[in-house]
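First the structure, in the form of structure tokens, and then the observations on it.
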Amino acid sequence: MPTCQYCQHRWTWKQTMKVTTTIDTAYTCPHCGEKQYATKKSRTQFFLLTLIPPLGLFLNLFDLPFWFIFGWITLTGIATLTLFPAVLKLTSTEEFFF
Ligand SMILES: [Zn+2]
């Protein structure tokens with residue numbers, strides 16, 4: 001779970017989901033109100049996780065039943081969302097990709 005680098009408070013899964021549902025790259029800590037950012041490494045890891053559900057579309061090439069592909073996308077989609085707070089690491093300064 002992500003830990004605020006400012007107040008060292010560990011965010012719960014629910015708090016993380018609430019705080020990160022924003023288009024802003026800065027997340028406001030629910031405890032101290034300071035701005036926190038996802039580290040470059042955790043953003044990369046999350047990006048790789050989001051690539052797993054669409055892989056189900058490639059399973060289509062192997063003549064698998066529709067329910068299997070639908071199940072794959074649904075389950076891996078849920079797993080990606082569930083794992084997101086576990087992958088997220090916070091930093092007090094924004095790190096850019098380039
Ligand atoms: Zn904090």
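The values are calculated or read from the model by the stated rules, or taken from the named source; none is laboratory data. Just so it is clear, the model here is predicted, and its values are computed rather than measured. Cβ sites come from the backbone with ideal geometry, for glycine too, and all protein chains shown count toward neighbours. All accessible areas refer to the heavy atoms of the entire protein, side chains included, with ligands and DNA or RNA removed. Shrake-Rupley method; radii C 1.70, N 1.55, O 1.52, S 1.80 Å.
On a 1.4 Å probe surface of the protein chains, which of Trp67, Trp72 comes out largest in accessible area, and what is the full order?
Trp67, Trp72
Computing the accessible area with a 1.4 Å probe over protein heavy atoms, can you report the carbon and sulfur percentage for the chain?
Heavy-atom surface of the chain belonging to carbon and sulfur, 1.4 Å probe: 69 percent.
When we measure straight from the Cα of Lys18, which lysines land under 19 angstrom away, once same-chain ones fewer than 8 places off are left out?
The reachable lysines, counting only those whose Cα sits under 19 Å from Lys18, are Lys35, Lys89.
Leaving out ligands and nucleic acids, note down the accessible area per residue over the stretch 1-72 with a 1.4 angstrom probe, in whole Å².
With the other protein chains kept in place, the stretch 1-72 gives 72 Å² per residue.
For the pair Ile23 and Thr3, what calculated FRET efficiency results from E = 1/(1 + (r/R0)^6), where r is the Cβ-Cβ distance and R0 = 22 Å, to the nearest 0.05?
With a Förster radius of 22 Å, E is 0.40.
Averaging the inverse of every distinct alpha carbon separation and then flipping it gives the Kirkwood radius. What is it for the chain, in angstrom units? Please report the intermediate quantities before stating the final value.
Working: mean 1/r = 0.0678 Å⁻¹.
Value: 14.8 Å, from the Cα pair sum.
Pop out the ³J(HN,Hα) list for the stretch 63-70 in order, Karplus 6.51 cos²θ - 1.76 cosθ + 1.60 with θ = phi - 60°, rounded to Hz; leave Gly and Pro as x.
After applying 6.51 cos²θ - 1.76 cosθ + 1.60, I find 6, 8, x, 4, 4, 5, 5, 4 Hz.
Determine ³J(HN,Hα), in whole Hz, for all residues of the stretch 25-41 in sequence, where each value follows from phi through the Karplus function 6.51 cos²θ - 1.76 cosθ + 1.60 and θ = phi - 60°; x replaces Gly and Pro.
7, 8, 10, 8, 5, x, 9, 10, x, 6, 7, 10, 10, 6, 5, 4, 5
Taking amide hydrogens as modeled 1.01 Å from N in the peptide plane, which residues meet the under 5 Å criterion relative to Thr28, leaving out close sequence neighbours?
So Thr28 has HN proximity to Gln36.
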